[in-house]
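Single-structure report; data block below.
The values are calculated or read from the model by the stated rules, or taken from the named source; none is laboratory data. Since this is a predicted model, take the numbers as computed values, not measurements. As a convention, Cβ positions derive from the backbone with ideal geometry for all residues, glycine included, and neighbour counts pool all protein chains shown.
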Amino acid sequence: MQRARSVEAKQQRERAILDAARELAEARTVREVTLTDVAAAVGMHKSAMLRYFETREQIFLALTAEAWVEWSAWIRGNLEAGDGRDRGAGQGRDQGAGQGRDQGAGQGRDQGAGDGRDRGAHAAAVIARSLAARPLFCDLLAHAAMNLERNVSLETAYAYKTSTLEQVLLVTDHLRGLLDLTVQQTRDLVGTATSMAGAFWQMSATPGSQLEQMYTEHPDIAHANVEVEPRLTRILTALIAGMRVNP
């Protein structure tokens with residue numbers, strides 16, 4: 001393959017490399033994909049590919065940054081700020097006006113608490129489901145902190161961090177409006193959700209893995225298999241509930 005000479009051609013070549021790395025990682029997991037594998041997939045010698053990415057880790061770090069952007073947009077588009085809050089507040093006001101101040105106030109408080117719990121449980125379920133539905137993102141999340149950030153230049157690491165933190169800020173601002181949490185609480189929520197999703201995915205018996213074979217052959221220990229979505233949902237539900245009790 002000839003060397004890309006124009007800016008547009010270079011961008012197209014970089015895109016081809018990223019797409020090839022993504023496809024390989026989806027089929028094999030990030031851990032098992034080498035720089036040689038990616039080079040072969042795009043028809044390029046490994047040394048030539050280093051003109052576009054300094055290391056294998058930079059390729060997957062770029063994919064992680066892209067995955068953050070996609071997930072952030074999905075969360076903000078599928079968790080509506082104010083969902084349930086207006087309905088609960090409206091019911092409290094209407095009932096208070098029609099049935100007396102004391103009774104209305106009591107019902108408003110009870111319904112407000114219920115709406116808060118419902119919003120928290122709903123948000124936890126949506127966040128967990130969105131992460132479990134993105135196995136490559138979960139895989140990348142686990143590897144980003146462990147090794148991807150540690151084998152790139154400072155400039156690349158800084159660019160990745162600033163891009164990711166921007167997406168975290170967008171998600172936390174959205175969740176704060178939805179769940180009435182503090183800035184720090186929403187940061188902790190997003191950090192917990194994404195870090196645990198990465199860890200749980202590594203612990204789970206993914207299709208075709210040796211763990212899946214082991215649990216199939218030894219059903220007596222199958223309960224040890226980590227199912228990412230339900231476990232993450234339970235943890236996030238409890239975390240949000242605790243945060244709302246202790247702001």
If we scan the range 64-83, do we find a residue that is modelled with pLDDT under 90, buried (at least 16 other Cβ atoms within 10 Å of the Cβ) and among the hydrophobic types (A, V, I, L, M, F, W, C)? yes
Heads up, the helices (runs of 4 or more DSSP H) in the range 109-221 (entirely inside) with at least 2 residues that are at pLDDT 95 or above and within 12 Å of the chain's Cα centre (by Cα) are 135-146, 154-179, 183-203
Unmet requirement for Ala39, which otherwise passes all of (1) buried (at least 19 other Cβ atoms within 10 Å of the Cβ); (2) of a type in the set (Gly, Ala, Ser); (3) under 22 Å from Leu131 (Cα atoms): (3)
Which of the residues belonging to the range 197-247 are in contact with a Leu (Cβ under 6 Å, 6 or more places away or on another chain) and either free of Cβ contacts under 8 Å to residues at least 60 places away in the same chain or within 20 Å of His122 (Cβ to Cβ) (or both)? Ala197, Ala205, Met243
Quick one: Thr216 ticks every box in (1) under 23 Å from Leu169 (Cβ atoms); (2) exposed (fewer than 13 other Cβ atoms within 10 Å of the Cβ); (3) polar (S, T, N, Q) bar one, so which box is it? (1)
Answer yes or no as to whether Arg13 is in a loop (DSSP other than H, G, I, E, B) and either farther than 30 Å from Ile127 by Cβ or at pLDDT 95 or above (or both). no
Count of the range 172-188 residues which are free of Cβ contacts under 8 Å to residues at least 60 places away in the same chain and closer than 17 Å to Ala121 by Cα: 4
